[in-house]
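Notes follow once the structure below has been shown.
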Amino acid sequence: QQQVKQSPQSLIVQKGGISIINCAYENTAFDYFPWYQQFPGKGPALLIAIRPDVSEKKEGRFTISFNKSAKQFSLHIMDSQPGDSATYFCAASGIQGAQKLVFGQGTRLTINP
Amino acid sequence: NAGVTQTPKFRILKIGQSMTLQCAQDMNHNYMYWYRQDPGMGLKLIYYSVGAGITDKGEVPNGYNVSRSTTEDFPLRLELAAPSQTSVYFCASSYSGGRDTEAFFGQGTRLTVV
């Protein structure tokens, strides 16, 4: 069963545009929502994360928006650059004694120069 | 610091063969994890360990075994390889299991079973 649903599967954005990736979760016990960035041939790397007690978190050009009542969260990349071209995964985990991440399906983002 | 190191990077197995995927971390992390990544499916947790001598199943453990004899190493064993185990395998580690704890991933092992 897919507990975290991510969309779109692929996204093409022009340089300087805004990239938006959306995720929805089902398990209300989740309390940590990270986004991971993965370049070809590499492992995922933490990009930014949010807890459900805040509605937005911003780090540089990357912003997470969180809607607890709708059980949705999204990643916004402002002023998208070709170097941002990668696969992005949203994830979620709960208080379980281990950082057992449940991942979304991934979004392949391409930024055209 | 090398972080999380996985070996080998690539491997082709025949159906029924066995192999061990190696994972080592030099960050003194207590928690370690194995995930598999299938196209269009994201990553799924196979097994995890909260410390030496302690392991537990994740979402997709069938066909795999693990052991954790030291803090540094967390090998993943495939006993009878099947085509369904063709995937990219990622090992990860974290200092603790608490929220806000970052998980660090290795570069992955691409396994093909033919």
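Every residue in region B:68-101 that is within 14 Å of chain A (Cβ to nearest Cβ) and of a type in the set (A, V, I, L, M, F, W, C), please.
Those that are within 14 Å of chain A (Cβ to nearest Cβ) and of a type in the set (A, V, I, L, M, F, W, C): B:Phe74, B:Val88, B:Phe90, B:Cys91, B:Ala92.
Does region B:68-106 hold any residues that are at pLDDT 95 or above and of a type in the set (S, T, N, Q), and which are they?
Result: B:Ser69, B:Thr70, B:Thr71, B:Ser84, B:Gln85, B:Thr86, B:Ser87, B:Ser93.
Out of (1) exposed (fewer than 15 other Cβ atoms within 10 Å of the Cβ); (2) within 14 Å of another protein chain (Cβ to nearest Cβ), the odd one out for B:Gly63 is which?
(2)
Where in region B:19-114 are there strands (runs of 3 or more DSSP E), lying fully within it, with 2 or more residues that are in contact (Cβ under 8 Å) with a residue 24 or more places away in the chain?
Strands (runs of 3 or more DSSP E) meeting the threshold: B:19-25, B:31-38, B:42-51, B:64-66, B:76-78, B:87-94, B:109-113.
With surrounded by 20 or more Cβ atoms within 10 Å (Cβ to Cβ), at the interface with chain B (Cβ under 10 Å from one of its Cβ atoms), among the aliphatic types (A, V, I, L, M) and under 27 Å from B:Gly108 (Cα atoms) as the only criterion, which of A:Leu46, A:Leu101 stands out?
Testing whether each residue is surrounded by 20 or more Cβ atoms within 10 Å (Cβ to Cβ), at the interface with chain B (Cβ under 10 Å from one of its Cβ atoms), among the aliphatic types (A, V, I, L, M) and under 27 Å from B:Gly108 (Cα atoms) leaves just A:Leu101.
Looking at region A:55-68, can you tell me whether even one residue there is crowded, with 20+ Cβ neighbours inside 10 Å and within 14 Å of another protein chain (Cβ to nearest Cβ)?
Yes, that holds for at least one residue.
Select from region A:5-29 the residues that are modelled with pLDDT of 95 or more, more than 15 Å from A:Arg108 (Cα to Cα) and surrounded by 12 or more Cβ atoms within 10 Å (Cβ to Cβ) and list them in ascending order.
A:Lys15, A:Gly17, A:Ala24, A:Tyr25
Among A:Tyr32, A:Tyr36, which is the only one that is assigned to a strand (DSSP E or B), modelled with pLDDT under 95 and either surrounded by 19 or more Cβ atoms within 10 Å (Cβ to Cβ) or of a type outside the set (Asp, Glu) (or both)?
A:Tyr32
The values are calculated or read from the model by the stated rules, or taken from the named source; none is laboratory data. Everything numeric in this text was worked out from a predicted model, so none of it was measured. For neighbour counting, all protein chains shown are included, and Cβ atoms are generated from backbone atoms with ideal geometry for every residue, glycine included.
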